[in-house]
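Here is the structure we will look at.
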Amino acid sequence: MVRKTTTTAFGRPFGRREFLKGATLLGVAGAFPAIITRPGFAQGAPTVVNSIRSLSNPYHATWNKGGEAFAKSVSAEYVTLVTEGNSEKGIADIKAILAKTGGNCVINVDPNDSPDARPIVEACKAAGAYVVTQWNKPADLHPWDFDPNYVAHISFSGVPYGKSMAEALIKAMGGKGGIVALGGIESNVPAIERKAGLEEALKANPDVKLLDMQVANWSATEALEKTNAWLTQFGDEIGGIWAANDDMALAAVEALRADGRAGKVPVTGIDGIQLAVEAILKGELAGTVAWDPYWQGGMGLSIGYHAKTGKFDPSKEGQEHREFYGTGVIITAENAQSFYDSNIKSEPRLDWNDIWGRVSGQIKY
């Protein structure tokens with residue numbers, strides 16, 4: 001059965017010029033949603049798999065496009081698993097694809113929650129698959145404890161970027177006033193770190209008051225509801241809105257637009273998705289941080305694929321290549337146009353063999 005998904009945010013198409021196309025793949029442990037670029041599984045060659053939260057989220061939709069691009073570059077079968085925010089489903093779907101491929105696969109996963117990473121890694125190790133995790137894992141779970149199958153963990157330090165977006169917001173507010181904040185999943189590592197960065201900025205700016213902070217679970221729908229409630233509750237006291245990701249930030253902009261205040265109340269997000277960069281260009285968003293999910297979706301697979309196919313031995317790599325921070329780009333009105341032209345208007349062209357090119361330091365716990 002072929003499934004076509006058009007990624008949108010608030011009814012507007014998400015554009016990388018192509019709509020996502022896919023099919024439903026039935027695993028031996030039951031049915032799970034997947035998108036494959038070619039029918040069937042290659043004999044002998046590893047299948048490459050991305051496990052992400054949702055294709056309706058523009059961030060992960062771009063992640064998926066990066067995965068498709070890498071798979072095409074090595075002529076590999078490609079599968080996308082979607083958790084829809086359900087940890088049990090995410091783990092079950094990965095176990096199903098491990099059974100379906102007999103462990104002959106490379107998995108690049110953004111676990112729904114930190115505790116999910118351990119059973120995923122253990123299942124991959126038992127099956128002989130190679131796995132790269134991103135963003136979420138327990139602090140005591142390390143790739144070198146599961147050599148060679150747990151190849152690497154990639155993250156981005158949320159504290160400095162959460163702080164930089166708070167500082168951009170405060171600057172846009174003129175250094176004083178009240179703000180509200182939309183947080184991610186409460187036990188999610190990026191959400192925790194970005195909140196800590198916000199708190200650092202607030203501590204350094206006593207003339208800015210945090211009116212309220214609510215967890216919106218990375219969800220645009222929840223963020224829209226909470227922002228509407230705040231606009232009723234606080235009214236003109238709200239001088240700015242800080243959001244832990246772009247999806248929630250864009251929901252806040254939508255609420256402000258309905259209230260007639262879009263562009264008048266600054267909003268910041270994090271992720272660097274196309275709609276967020278376009279909102280900066282329109283003057284409706286004050287800033288975002290780009291992780292380059294296209295790179296994450298493709299390079300996470302590339303690192304695992306290089307290990308699986310014997311191009312390097314993970315157990316011989318230093319820890320700075322096993323748990324590392326990637327490099328984020330702060331985007332504001334000053335550089336939004338140049339970023340848009342080189343990263344969104346044009347399809348990114350990446351060297352998938354440059355697997356350590358964006359390492360910016362070992363993760364510290």
So is Ala196 open to solvent by less than 10 Å² (accessible area, probe 1.4 Å) and closer than 22 Å to Ile330 by Cα or not?
no
So is Gln296 open to solvent by 10 Å² or more (accessible area, probe 1.4 Å), on the phi < 0 side of the Ramachandran plot and polar (S, T, N, Q) or not?
no
Among the residues of segment 320-365, which ones are part of a helix (DSSP H, G or I), over 18 Å from Gly298 (Cβ atoms) and either in contact with a Leu (Cβ under 8 Å, 6 or more places away or on another chain) or among the hydroxyl-bearing types (Ser, Thr, Tyr) (or both)?
Ala336, Gln337, Ser338, Tyr340
Breaking point among (1) buried (at least 24 other Cβ atoms within 10 Å of the Cβ); (2) out of contact with any strand residue (DSSP E or B) (no Cβ under 8 Å at 6 or more places or on another chain), for Gly287
(2)
Would you mention how many residues in segment 136-165 are of a type in the set (Lys, Arg) and closer than 19 Å to Ile270 by Cβ?
1
Identify the single condition in (1) outside any helix (DSSP H, G or I); (2) over 13 Å from Thr47 (Cβ atoms) that Glu68 does not satisfy, given that it satisfies every other one.
(1)
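Say whether the condition of being modelled with pLDDT under 90, polar (S, T, N, Q) and either buried (at least 17 other Cβ atoms within 10 Å of the Cβ) or under 18 Å from the mean Cα position of the chain (by Cα) (or both) is met by at least one residue in segment 24-47.
Yes.
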Can you give me the number of residues within segment 85-113 that are surrounded by fewer than 24 Cβ atoms within 10 Å (Cβ to Cβ) and either assigned to a helix (DSSP H, G or I) or without any contact (Cβ under 8 Å) to a residue 40 or more places away in the chain (or both)?
13
Within segment 263-315, tally of residues that are outside the structural domain of Ala45 (by TED's automatic domain parsing) and without any contact (Cβ under 8 Å) to a residue 12 or more places away in the chain:
1
Hits in segment 335-359 (condition: open to solvent by 40 Å² or more (accessible area, probe 1.4 Å), aliphatic (A, V, I, L, M) and out of contact with any strand residue (DSSP E or B) (no Cβ under 7 Å at 6 or more places or on another chain)):
Leu350
Tell me which of these Ile330 doesn't satisfy, since it passes every other one: (1) open to solvent by 40 Å² or more (accessible area, probe 1.4 Å); (2) under 23 Å from Ile170 (Cβ atoms); (3) under 14 Å from the mean Cα position of the chain (by Cα).
(3)
Please work out if Ala172 is open to solvent by 40 Å² or more (accessible area, probe 1.4 Å) and closer than 19 Å to Thr288 by Cβ.
yes
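Taking strands (runs of 3 or more DSSP E) that fall entirely within segment 150-251, which contain at least 3 residues that are free of Cβ contacts under 8 Å to residues at least 60 places away in the same chain and aliphatic (A, V, I, L, M)?
Fully inside segment 150-251 and qualifying: 208-215.
The values are calculated or read from the model by the stated rules, or taken from the named source; none is laboratory data. Fair warning: this is a prediction, and the values are worked out from it, not measured in the lab. Note that each Cβ is placed from the backbone with ideal geometry, even for glycine, and that neighbours are counted across all protein chains shown. The accessibility values were calculated without ligands, DNA or RNA, using every heavy atom of the protein model including side chains. Shrake-Rupley method; radii C 1.70, N 1.55, O 1.52, S 1.80 Å.
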